[in-house]
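The values are calculated or read from the model by the stated rules, or taken from the named source; none is laboratory data. This one's a predicted model, so the numbers in the text were calculated from it and none came from an experiment. Cβ coordinates were reconstructed from backbone atoms using ideal geometry, including for glycine residues, and neighbour counts include every protein chain displayed. Only protein heavy atoms, including side chains, enter the accessible area calculation; ligands, DNA and RNA are left aside. Shrake-Rupley method; radii C 1.70, N 1.55, O 1.52, S 1.80 Å.
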Amino acid sequence: MERSHNGGHHNNHNNAFTRIIDLRPSIERINTVFIILEKGKPDKVPDHAATPICYALVADQTASVNLQLWGDEVAAFDPGDIVKLTGGYFTFHKSAMFLKAGRRGKIERVGEFCMLFSEAPNLSRVQWLPDPKTNQLAPVIEPHHPQ
């Protein structure tokens, strides 16, 4: 069964894929591929009592990040799914960064289980500060030393 969710139309002329480690809040219409590692319990969207929402931990070969699943997306994806996001956004809520399809993005399952990934660093858990050179937010990532 093909599972996908298309939140609407999007004008994404740049089809280059962004690695999770390279995500920045200033990038619009993000295209990326990742594997869903964990999926939280669904909750209800405030002011939209019938609309479910949940967060999932997703990763590619470079890092991990939280993904917001909203509405039909909640039931459409499970841990182990390999997912392609086109036209997505990297944003924050309550000081935590997360990835989402949004209204104009598209999120679809393209495979399952076979993908190399790295859980560290988790861009949803690092501190974000303005880069003095660009004045854009950038993650403060401590060097990762595998045990």
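Brief remarks on what is shown
- For G105, the residues whose amide H sits under 5 Å from its own are G7, ignoring neighbours fewer than 5 places away on the same chain, with H placed 1.01 Å from N.
- In this label model, R103 and K44 are separated by 2.3 nm, measuring between points 7 Å along each Cα→Cβ vector.
- Within straight-line reach of K100, meaning a Cα separation under 19 Å, sit the following lysines at least 8 residues removed in sequence or on another chain: K39, K41, K44, K84.
- In order along the range 82-91, phi translates into HN-Hα couplings of 9, 10, 10, 10, 10, x, x, 10, 10, 9 Hz, rounded to whole numbers, per the Karplus curve 6.51 cos²θ - 1.76 cosθ + 1.60 with θ = phi - 60° and x for Gly and Pro.
- Here the 3J(HN,Hα) profile of the range 26-43, calculated from phi with Karplus coefficients 6.51, -1.76 and 1.60 at θ = phi - 60°, is 7, 7, 9, 6, 6, 10, 7, 10, 8, 10, 7, 8, 9, 9, x, 6, x, 10 Hz, Gly and Pro shown as x.
- In the full protein context, the range 20-137 carries 54 Å² of accessible surface per residue, based on a 1.4 Å probe and ignoring ligands, DNA and RNA.
- The amide H of S124, built 1.01 Å from its N in the peptide plane, has N66 as neighbours under 5 Å, considering only residues 5 or more places off or on other chains.
- Ordering of 27-33, 115-121, 127-133, 99-105 by packing is 99-105, 27-33, 115-121, 127-133, highest average first (other Cβ atoms within 10 Å, averaged per residue).
- Pairwise label distance in nanometres, A16 with C114, each label 7 Å out on the Cα-Cβ vector: 2.9
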